[in-house]
Amino acid sequence: MYGKDLYVFQGKTLASYDFWNYKADSKPAHKWSQGDYEQLFPLSSIHEGRLFYQDFRTGGLIAMKLASGQFIHYDYGDNPTVQADVFGKGVYVGQSDGVFHGYDLMTLKPVFSVNTGSRSFGPILKSGGMIFIQSGPSSACRQAACISKINPKISRRI
């Protein structure tokens, strides 16, 4: 569900239905082909009009614009993605070389990069205006970096 729309995967097609006016014989309000993207797993997350997926081949984060059906790739680094999350207007990607990137959700422009020194990441956490990057050799992650969305260059701590 996103707004009044219910999204349903039907084989190689994603369809949306007007949830509040749905009848048993209703046709989809919109349909998008998913045929060329068999390696994608939907994350059941729609944010800013974009449906998010994880690419099982690369671990990367991909979004489909609901307005156009265009697919957007958020991990432009040189190494595979280990962890990816979306908060507010930010897309956060940790890579296997230990570098963690923040991108603007709408423009795809890089906002910051941090070398954490670790090849593994836990889920990114958010509290107020801060994100917490969990990195370390185990799933318990022994190191955390805090980055302020106000000015990441000034207030990062590793």
message: Would you confirm, using the coordinates I've provided, whether Thr58 is more than 14 Å from Leu105 (Cβ to Cβ), surrounded by fewer than 17 Cβ atoms within 10 Å (Cβ to Cβ) and under 19 Å from the mean Cα position of the chain (by Cα)?
response: yes
- request: Determine whether Ser118 is in contact with a strand residue (DSSP E or B) (Cβ under 6 Å, 6 or more places away or on another chain), surrounded by 15 or more Cβ atoms within 10 Å (Cβ to Cβ), at pLDDT below 90 and not in a strand (DSSP E or B).
  value: yes
task: For the stretch 79-89, enumerate the residues that are assigned to a loop (DSSP other than H, G, I, E, B) and not basic (Lys, Arg).
output: Asn79, Pro80, Gly88
task: Within the stretch 121-149, work out how many residues are on the phi > 0 side of the Ramachandran plot and modelled with pLDDT under 85.
output: 2
- prompt: Using beta carbons and a limit of 8 Å, which pairs, at least six apart or on different chains, have the first residue in the stretch 40-58 and over 23 Å from Asp97 (Cβ atoms) and β-branched (Val, Ile, Thr) and the second one open to solvent by less than 60 Å² (accessible area, probe 1.4 Å) and in a loop (DSSP other than H, G, I, E, B)?
  reply: Ile46/Leu66
message: For the stretch 1-32: of the residues being at pLDDT 85 or above, under 21 Å from Val91 (Cβ atoms) and of a type in the set (Phe, Trp, Tyr), which is least open to solvent (accessible area, probe 1.4 Å)?
response: Trp32
query: If you go through the stretch 66-96, how many residues are open to solvent by less than 60 Å² (accessible area, probe 1.4 Å), under 24 Å from Lys31 (Cα atoms) and not hydrophobic (A, V, I, L, M, F, W, C)?
result: 2
message: Within the stretch 1-32, take every residue that is part of a loop (DSSP other than H, G, I, E, B) and under 26 Å from Gly60 (Cα atoms) and give me the one that is farthest from the chain's Cα centre (by Cα).
response: Gly11
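The values are calculated or read from the model by the stated rules, or taken from the named source; none is laboratory data. Here the structure is a predicted model, which means the values were calculated and not measured. Using ideal geometry, Cβ is built from the backbone for each residue, glycine included, and neighbour counts are taken over all protein chains shown. Areas reflect the complete protein model, heavy atoms only, side chains present, ligands, DNA and RNA absent. Shrake-Rupley method; radii C 1.70, N 1.55, O 1.52, S 1.80 Å.
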